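The values are calculated or read from the model by the stated rules, or taken from the named source; none is laboratory data. Since the model is a prediction, treat every value here as computed from it, not as a measurement. Because the Cβ atoms are built from the backbone with ideal geometry, glycine has one as well, and the counts that use them run over all protein chains shown. In case anyone asks, the SASA skips ligands and DNA or RNA and just uses the protein heavy atoms, side chains included. Shrake-Rupley method; radii C 1.70, N 1.55, O 1.52, S 1.80 Å.
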Amino acid sequence: MEKKVKGHDELAAEARNCTLCAQYLPHTPNPIFSTAKFAKVLIIGQAPGLKAHESGIAFNDASGDRLRSWLSVSKPTFYNPKLISILPMGFCFPGYKNGADAPPRKECAPTWHQAFLSQIRPELTVYIGRYAQQYYLPEYKNLTDAVHTTFAANAGHVALPHPSGRNNRWLAKNKWFEEESLPMLQHYVSNALQN
C-alpha cells in the first residue's frame, strides 16, 4: 500500500502537536517554527530560547534583533513565512545546561526536517550555529571553516555563527565576518527575496 504524502498544513499541524521528547523538557512542549511551501529563504537555527518559548515567536530576543540586522530585513519580512521560513534543529526550548541554553533535542531534526524540506524550495538556506552546521554541513571541520567556505562558494546556502551575545568573542576574533561576509549575506538575501 502506497504511503500518503502529507500536505504542508497537515504536516505543520502534526509537528505543532509533537510531544516526542516531552519527558526531557523543562516545560510543556511548545514547538516553534514557521514554514511555507514557497518561502524564498530558509533559516535552520538551533532551538527556541525561553523568551521564544513564552511568546511562541522564534528569535523574539536580542539574538533575533542581531540576526535581522545581519540579514538586513525588517520584522514584518522576517516573520512572513512566505518569504522567510524558520526551521530549528530543535522545535522546543530545551532548558538550560551549565548556565546556557541546552543543545537542541536530537529527536526533532530526524523526525521532522526531511518532511518539511521535501516541500520547501528556498533560493537560500541559512544554517545558524554549530548544531545546524554539524548536521547539514559535516564536511567542514568547524563552524568557522563552514562560515568562511560557504560564503566563498555562493552555492545557495551559507553558515552563520549564532547571533547570541555569547559569540561576541568569535565576532571580535573573526573581523572578516562582519567586513566581508555580512555584505555578501545581505546581497544573497535581497536577491532571494526578489526572485
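At what distance in nm do the modelled label points of residue 27 and residue 8 sit from each other, each positioned 7 Å from its Cα along Cα→Cβ?
For the pair residue 27/residue 8, the computed spacing is 2.8 nm.
Can you run phi through the Karplus equation (6.51, -1.76, 1.60; θ = phi - 60°) for the range 113-126 and list ³J(HN,Hα) in whole Hz, with x for Gly and Pro?
4, 4, 5, 5, 5, 6, 10, 9, 10, x, 6, 9, 10, 10
Can you work out the accessible area per residue across the range 87-148, with the rest of the protein chains kept in place, probe 1.4 Å, in square angstrom?
Numbers: 3020 Å² over 62 residues.
Per residue, the range 87-148 has an accessible area of 49 Å².
List residues of the range 129-150, by number, whose backbone nitrogen lies under 12 Å from a label position 7 Å along Cα→C-beta of residue 176.
Answer for this model: 144-150.
At a Förster distance of 25 Å, what's the computed FRET efficiency of residue 111 paired with residue 142, Cβ-Cβ distance as r, to 0.05? Write out the running numbers ahead of the final one.
Details: r = 27 Å, r/R0 = 1.06.
Approximately 0.40, to the nearest 0.05.
Can you give the helix-only mean residue ellipticity at 222 nm for the chain, where every DSSP H stretch with n ≥ 4 adds -39500 (n - 2.57) and the sum goes over all residues, rounded to the nearest 500 deg cm²/dmol? Kindly include the intermediate steps, with their values, before the conclusion.
On the way: 9 runs with 71 residues, N = 195.
Theoretical 222 nm ellipticity from helices: -9500 deg cm²/dmol.
On a straight-distance basis, which lysines could pair with residue 37 in a cross-link, Cα separation under 27 angstrom, same-chain partners fewer than 8 positions away excluded?
Hits, sequence-local ones excluded: 3, 4, 6, 51, 75, 82, 106.
Rg and Dmax of the chain over Cα atoms: what are they, in angstrom?
Using the Cα atoms of the chain, the pair Rg, Dmax is 16.2, 57 Å.
Which shape class, rounded, prolate or oblate, goes with the range 96-154 when its Cα gyration tensor gives a ≥ b ≥ c as root eigenvalues, a/c under 1.5 marks rounded, and past that a/b bigger than b/c marks prolate? Write down the numbers at each step before the final one.
Working: a/c = 2.28, a/b = 1.10, b/c = 2.07.
Oblate.
Quick one: check the C-alpha center-to-center distance for the range 1-60 versus the range 128-195, whole angstrom.
The range 1-60 and the range 128-195 have Cα centres spaced 23 Å from each other.
Springs between alpha-carbon atoms under 10 Å, Gaussian network over the chain: tell me which of 130, 169, 121 tops the mean-square fluctuations.
169
Would you kindly derive the ³J(HN,Hα) couplings of the range 13-28 from the backbone phi angles with the Karplus curve 6.51 cos²θ - 1.76 cosθ + 1.60 (θ = phi - 60°), listing them in order in whole Hz, with x for Gly and Pro?
Residue by residue, the range 13-28 yields 4, 5, 5, 5, 9, 5, 10, 3, 10, 3, 5, 9, 8, x, 10, 4 Hz.
How much net charge surrounds residue 42 when only other residues with a Cβ under 14 Å from its Cβ are counted (Lys, Arg +1; Asp, Glu -1)? Don't jump to the answer; show the numbers that get you there.
Values: positive: 37, 40, 82, 121; negative: 123.
So the surrounding residues net to +3.
On a full-extension model of 0.36 nm per residue, what is the gain between residue 191 and residue 18, subtracting their alpha-carbon distance, rounded to one decimal in nm?
Working: separation 173, 0.36 × 173 = 62.28 nm, distance 3.45 nm.
Full-extension gain reported as 58.8 nm.
Considering only DSSP beta bridges whose two residues both sit in the chain, what percent are antiparallel, to the nearest 5? The partial results should precede the final answer.
Working: 3 of 14 bridges.
For the chain, the DSSP antiparallel bridge percentage is about 20.
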